Amino acid sequence: MNNVVLQIAGLTGGYGGGQVLNGVTLQLHAAEVLGLIGRNGVGKTTLMRTLIGAVPAKQGHILLGEIDITQASPQRRARLGIGYVPQGREVFAGLTVAENLQVGMQFVREHREFAKDLLERVLDYFPILRQRLKQKAGTMSGGEQQQLAIARALVGSPKVLLLDEPSEGVQPSIVNIIADTLVRIARELHVAVILVEQDIAMIQRAAQRCAVMDKGQVVETLSQQQLSDDLLMRRHLAL
């Protein structure tokens, strides 16, 4: 994999006057699922929020392809191809499944045929959503809402998809389905995925590599072979 789609170099940032990220350096390749693990409080969610522009970067660079997006607005980043599924999903509970998906299509809506084809393809990945298009999102199960949140990000045609704890509140059988679907999405849609996760089994099932964070930095990158070592993974998660 030599096609780098996202490059993070020396990234620092945090909230207010505090600093959480202390020089994060990381590369993500097209069509790759990269796990991101570490104990609670080491900066994983802050990194995700900095990548989408919700937390300002103080130093360093973020390149999407060859475009420097370090100081770009969240809207510009989304338009350029950064998709985000936050921890807790945050679907629009009072809107139907179809309406939630329409919200996610705001940056591709002008390209009608492309948007229509992409929506159909995404619904093929999540067939339960096709059956629930008229259902209010707030009445769905946690696993169904998580699938909707991922689908809503995908219909925006991202180059990079950021997922923060997608297994949270989801039953194990659905977690496995989501993990397998992410692998297909990365391969077939050529989307690069960063998967922040505490569920070791999900990381092992979906990721080709795994970055380990500690004290606001990426301190190690594990190969797919190393991911199969449960003791090693638990040590990094301090479980």
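Restricting segment 221-236 to residues that are open to solvent by 10 Å² or more (accessible area, probe 1.4 Å) and under 20 Å from the mean Cα position of the chain (by Cα), the residue that is modelled with the lowest pLDDT is Gln224.
Candidates are the residues of segment 147-189 that are of a type in the set (S, T, N, Q) and over 28 Å from Glu66 (Cβ atoms); the one that is surrounded by the fewest Cβ atoms within 10 Å (Cβ to Cβ) is Ser173. For segment 76-125, residues that are assigned to a loop (DSSP other than H, G, I, E, B), modelled with pLDDT of 95 or more and open to solvent by 50 Å² or more (accessible area, probe 1.4 Å) total 4. Taken as a whole, the structure leaves Glu144 outside the set of residues that are open to solvent by 50 Å² or more (accessible area, probe 1.4 Å), in a helix (DSSP H, G or I) and over 30 Å from Asn22 (Cβ atoms). Six or more apart or on different chains, Cβ under 6 Å: which pairs go from a residue in segment 61-74 that's open to solvent by less than 20 Å² (accessible area, probe 1.4 Å) to one that's in a helix (DSSP H, G or I) and at pLDDT 95 or above? Could you list them? Sorted first by the residue in segment 61-74, then by its partner, the pairs are Leu64/Leu80; Ile69/Arg77.
Just so you know, in segment 6-32 the residues that are within 17 Å of Pro158 (Cα to Cα) and in contact with a Leu (Cβ under 6 Å, 6 or more places away or on another chain) include one that is surrounded by the fewest Cβ atoms within 10 Å (Cβ to Cβ), and it is Gln7.
Of all the residues in segment 59-98, those that are of a type in the set (D, E, K, R) and closer than 17 Å to Ser157 by Cα number 3. Scanning segment 193-220 for residues that are under 14 Å from Glu32 (Cα atoms) and open to solvent by 10 Å² or more (accessible area, probe 1.4 Å) gives Gln204, Arg205, Gln208, Arg209.
The values are calculated or read from the model by the stated rules, or taken from the named source; none is laboratory data. From a predicted model like this one, the values you see are computed outputs, not experimental measurements. As a convention, Cβ positions derive from the backbone with ideal geometry for all residues, glycine included, and neighbour counts pool all protein chains shown. What goes into the accessible areas is simple: the full protein's heavy atoms, side chains included, and nothing from ligands, DNA or RNA. Shrake-Rupley method; radii C 1.70, N 1.55, O 1.52, S 1.80 Å.
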